[in-house]
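Visitor: One structure is given below, represented as structure tokens, and several questions about it will come after.
Here, each number is a calculation from the coordinates, and none is a lab measurement. Computed from a predicted structure; not experimentally measured. Note: ideal-geometry Cβ built from the backbone for every residue, glycine included; neighbour counts use all protein chains shown.
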Amino acid sequence: MYCERCGKTIDEGLNYCNNCGVQLRRESPPPKLAGVMIASLAFITIVGLIVLAALLIGLLDRMGPKPEPLFAFAAVYLATLFGICFMIMRQVSKLIDADLRSRVFPQRTTPTPAVQLPPRSTNQLEEFREPASVTDHTTRTLEPTQLRDR
């Protein structure tokens, strides 16, 4: 067997080349733990709800006319079940996040061209003129009127 990188002859049982250190055998990827945890989450939820239904049916016959403690038991049971499911979902999200961070995304080989800005304008500004007064413009255009005496 020959190394893919340096071409040196190597033994079949080696995982790495003795000459260049490249990995020879690809290790089998570990099973997707996130998928296993999602399946276990679904299993725990379904089994938990079935157990709750069986307990409620069994205890409802024995409780008699006052089932209020049974409702409290069901509320505590459901809160515990949802708490367990919530903790498993947090772990699943962490596993998915770690999996995304570990992936190597290919880098672009050609850099993207820089955006070209338009050239600066070198036009000269107009010469400074004194600002015109608003009252000058309005009084010049009005015709004189006669004032009425009161």
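Visitor: Just grab the label-to-label distance for Leu100 and Leu14, each label 7 Å out from Cα along the Cβ direction, in nm (one decimal).
Guide: Between Leu100 and Leu14, the simple spin-label model gives 4.0 nm.
Visitor: Run the quick spin-label model on Arg90 and Arg5: label points 7 Å from Cα toward the beta carbon, then report their separation in nm to one decimal.
Guide: Placing both labels 7 Å beyond Cα along the Cβ direction yields 4.1 nm.
Visitor: Would you pull out the residues with amide H under 5 Å of Tyr16's amide H, same chain only if 5 or more places away, H placed 1.01 Å from N?
Guide: Correct list: Leu24.
Visitor: Can I ask one more? What list of ³J(HN,Hα) values in whole Hz, one per residue of the stretch 36-52 in order, does the Karplus curve 6.51 cos²θ - 1.76 cosθ + 1.60 (θ = phi - 60°) give from phi, with Gly and Pro shown as x?
Guide: Whole-Hz 3J(HN,Hα) from phi for the stretch 36-52: 5, 5, 5, 5, 5, 4, 5, 5, 4, 5, 5, 5, x, 5, 5, 4, 4.
Visitor: Further question: Tally Lys and Arg at +1 and Asp and Glu at -1 over the other residues with C-beta under 14 Å from the C-beta of Leu95: what net charge comes out? The partial results should precede the final answer.
Guide: On the way: positive: Lys32, Arg90, Lys94, Arg101, Arg103; negative: Asp97, Asp99.
Net of charged neighbours comes to +3.
Visitor: Which ³J(HN,Hα) values in Hz, rounded to whole numbers, follow from the phi angles of the stretch 71-79 under the Karplus curve 6.51 cos²θ - 1.76 cosθ + 1.60, where θ = phi - 60° and Gly and Pro get x?
Guide: 5, 5, 4, 5, 5, 5, 4, 5, 4
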